1. Applying the selection to segment A:143-173, what residues are at the interface with chain B (Cβ under 7 Å from one of its Cβ atoms) and free of Cβ contacts under 8 Å to residues at least 12 places away in the same chain?
2. Regarding residue B:194, is this residue more than 22 Å from residue A:187 (Cβ to Cβ), more than 16 Å from the chain's Cα centre (by Cα), facing another protein chain (nearest Cβ under 10 Å) and modelled with pLDDT under 85?
3. What number goes with the only condition from (1) farther than 25 Å from residue B:12 by Cα; (2) hydrophobic (A, V, I, L, M, F, W, C); (3) touching a strand residue (DSSP E or B) at 6+ places or on another chain (Cβ under 7 Å) that residue B:93 does not pass?
4. Have a look at A:52, A:80 and point out the one that is more than 30 Å from residue A:187 (Cβ to Cβ), in contact (Cβ under 8 Å) with a residue 40 or more places away in the chain and touching a Ser or Thr at 6+ places or on another chain (Cβ under 6 Å).
5. Considering (1) part of a strand (DSSP E or B); (2) not assigned by TED's automatic domain parsing to the domain that holds residue B:173, say which one residue B:45 fails and leave the rest.
6. Determine whether segment B:96-117 contains at least one residue that is within 14 Å of the chain's Cα centre (by Cα), within 12 Å of chain A (Cβ to nearest Cβ) and modelled with pLDDT of 90 or more.
7. Name the residue that is nearest to the chain's Cα centre (by Cα), counting only residues in segment B:180-191 that are outside any helix (DSSP H, G or I) and buried (at least 19 other Cβ atoms within 10 Å of the Cβ).
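The values are calculated or read from the model by the stated rules, or taken from the named source; none is laboratory data. These numbers come from a predicted model, not from an experiment. Quick reminder, even Gly has a Cβ in these numbers, built from the backbone with ideal geometry, and neighbours come from all protein chains shown.
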2 protein chains.
Amino acid sequence: MKQGLLIVVSGPSGTGKGTVCGKLLAETPQLAYSISATTRQPREGEVDGQNYYFLTREQFESEIAAGGFLEYADVYGNYYGTPLKKLEERLQAGQDILLEIDTQGALNVMKKCPEGIFIFLLPPSMAELERRIKGRGSETSESLERRLGAAREEISVGKQYTYVVVNTTVKTAVKRIQAIIDAEHSKAERNEDLFEI
Amino acid sequence: MKQGLLIVVSGPSGTGKGTVCGKLLAETPQLAYSISATTRQPREGEVDGQNYYFLTREQFESEIAAGGFLEYADVYGNYYGTPLKKLEERLQAGQDILLEIDTQGALNVMKKCPEGIFIFLLPPSMAELERRIKGRGSETSESLERRLGAAREEISVGKQYTYVVVNTTVKTAVKRIQAIIDAEHSKAERNEDLFEI
């Protein structure tokens, strides 16, 4: 069985990564969302191991101590996190996994899963901002400088990613991410079986 | 202007790379064939710098001496080769260039243009052969062993490529190569301008 790919889609706030990831998942049959662990109570119809892995606080905290999470957060008194071992089991079973995460979280994932495919989604407004700043040349105002500084900081982290996709339209962004997934599956290093005859 | 990509498509004989490359070129507007230099006479309608770069034997041999060819060959008394400088000029102008070449030639191109995108095309019959060999298990005949040895030698070079695509159908192979080109254009290292705002 060929190992699945960990597809990490991240980007600054306002990128529209939720919309892009939702559409990507709907249109890519071999791709599934990462399943989070949580300490909150299951809601009606939620299935353990499908919607979430439901853990007690004791179980969750013991996993934190053991370094068992890719990343985790305490949200209004409930823990949420991505269990590393469960993720690796699904990848080893050949499942491609989509992890939608903020830029800070993605940097942690890079350290723990450097074999992941890291895609930085840029918002169209950021590209728009870039065009406007470039177009104006030297006549930058103080407020424009501030805005530029904030934007610079927010996107500077993107250079550490493998891929960058501009979310001009959801359709083109989804298509580009699908191309990246297909290309990564075609890497010779992932297809050594084809050479072993 | 963003640098174009050198797309090198290669593979063992009988892979059908000519058909795949022709279709790929027809369906990918931003892609153009590499233009060869030759010492043969122009035929009617052939334009210098478009169909071929037409050189005298003296010019060609002086370029060989200067290391000016990615690769070249003497075919029935006429030289044919890929001029490195002309290729680089077109890449620098943002043109994606397709170079269809045999496996021996591709290894030379890897040395001279390591920044190229190297795609190894496997023939469907090779994949078929692999399946048959695997399916038979231990009951290999002497002739099957010979065939296996020859196949092994022919495709072993493919491990040195970045990508491998099985030419199951021309349509799927073309689509996969287009995905590889799109993905390579999305590499963060090729889009530093997006981060420089």
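1. A:152, A:156, A:159
2. Numbers: more than 22 Å from residue A:187 (Cβ to Cβ): yes; more than 16 Å from the chain's Cα centre (by Cα): yes; facing another protein chain (nearest Cβ under 10 Å): yes; modelled with pLDDT under 85: yes.
For residue B:194, the condition - more than 22 Å from residue A:187 (Cβ to Cβ), more than 16 Å from the chain's Cα centre (by Cα), facing another protein chain (nearest Cβ under 10 Å) and modelled with pLDDT under 85 - is met.
3. Against the list (1) farther than 25 Å from residue B:12 by Cα; (2) hydrophobic (A, V, I, L, M, F, W, C); (3) touching a strand residue (DSSP E or B) at 6+ places or on another chain (Cβ under 7 Å), residue B:93 comes up short only on (3).
4. Details: A:52 fails: in contact (Cβ under 8 Å) with a residue 40 or more places away in the chain.
Every option except A:80 fails the conditions.
5. Among (1) part of a strand (DSSP E or B); (2) not assigned by TED's automatic domain parsing to the domain that holds residue B:173, residue B:45 violates only (1).
6. Scanning segment B:96-117, I find at least one residue that is within 14 Å of the chain's Cα centre (by Cα), within 12 Å of chain A (Cβ to nearest Cβ) and modelled with pLDDT of 90 or more, so the answer is yes.
7. The extreme case among them is B:186.
Conditions tested, residue by residue: (1) surrounded by fewer than 16 Cβ atoms within 10 Å (Cβ to Cβ); (2) charged (D, E, K, R); (3) under 20 Å from residue A:55 (Cβ atoms); (4) assigned by TED's automatic domain parsing to the domain that holds residue A:176.
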{"position": "A:75", "(1), (2), (3), (4)": "yes, no, yes, no"}
{"position": "A:86", "(1), (2), (3), (4)": "no, yes, yes, no"}
{"position": "A:89", "(1), (2), (3), (4)": "yes, yes, yes, no"}
{"position": "A:105", "(1), (2), (3), (4)": "no, no, yes, yes"}
